[in-house]
1. Got the relative contact order for the chain handy, in percent, Cα pairs under 8 Å and 6 or more residues apart?
2. Going Cα to Cα from Lys236, which lysines come in below 22 Å? Please leave out same-chain ones fewer than 8 positions away.
3. Measure nothing fancy, just the Cα-based angle from helix 65-78's long axis to the longest principal axis of the chain, in degrees from 0 to 90, nearest 10.
4. With no solvent and one equal point scatterer per Cα, compute the Debye intensity ratio I(q)/I(0) for the chain at 0.10, 0.14, 0.17 Å⁻¹ and report its log10, rounded to two decimals.
5. Can you tally the net charge around Val114? Count Lys and Arg as +1, Asp and Glu as -1, for every other residue whose Cβ sits under 12 Å from the Cβ of Val114.
6. Which angle between 0 and 90 degrees, to the nearest 10, do you get for helix 164-183 versus the longest principal axis of the chain when only C-alpha atoms count?
7. Taking amide hydrogens as modeled 1.01 Å from N in the peptide plane, which residues meet the under 5 Å criterion relative to Phe232, leaving out close sequence neighbours?
8. Any chance you could give the angle, 0 to 90 degrees and rounded to 10, that helix 15-26 forms with the longest Cα principal axis of the chain?
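What follows is calculated from the coordinates using simple rules that are stated; it is not laboratory data. Being a predicted model, the structure only gives us computed values, none of them experimental. Cβ atoms come from the backbone with ideal geometry, glycine included; neighbour counts cover every protein chain shown.
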Amino acid sequence: MHDKQVALVTGANKGIGLETARQLARRGMTALVGARAPERGEEAAQRLRAEGLDARFVRLDVTEPASIAEAARWIETNLGRLDVLVNNAGVLIGTTKPSETNLDELRSLFQVNVFGTIAVTQAMLPLLRRARPAARIVNVSSGTGSLTQSSDPRWEHARINVLAYPAAKAALNMATVQFAKELRETGIKVNAADPGYTATDMTRHHGQPVEEGARASVWLATLDEGGPTGGFFDAKGPVPW
């Protein structure tokens, strides 16, 4: 078995995902850069290796069951362990107001941001259950998925009035709670991370640096035994549901 902890980060060829993989590798883990496109994924892994970090590309399309299964087999065969799963892969589709939301776009977004996360988690659980000490699962959510914040006219992003992305993140938050309840007795901790408004392709590179956007995910991925499970957090602490 591989002698270092192994962390899989989905959607890790750029942005917050790449930075999360970088920070976990800096903590001594083997970072698996999950990405759909082999050329972009391998390039990202090479960038991390050039920094002296242990990083490897794993082809993973969260919308393709065969790709997910093959990724799990690859990890089992080549490393024999998985200690951390960061479900970071996500897309932003459908930025119109709720009454004009295109249902096909809504389905496509849920396919990646919700169903993809659930499918990857289910496929990786046999490996995660064997982790010693217990594994950590982080689902990258968004403050827009908070019902409390989104319904508060005083919230800094209250002007956002779209359906698809916030609804998907709210659904992901519930999936986080339910997986945490199921796995509580195993010691596996499952939490949702709000990276905050971060400069990525999704935000047209407006917002805080990716180093800050990755902080919550990295903290939750490296919780000690006394850390929380089934919660929603940003880099400062709990985020209201």
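1. Working: 509 pairs, mean separation 44.6, N = 241.
Contact order relative to length: 18 percent.
2. Lys169, Lys189
3. Compared with the principal axis, the helix lies near 30 degrees.
4. Computed log10 I(q)/I(0) values: -0.42, -0.85, -1.29.
5. Values: positive: Arg107, Lys169; negative: none.
The answer is +2.
6. It is inclined by approximately 50 degrees.
7. Ala192, Val239
8. The angle comes out near 30 degrees.
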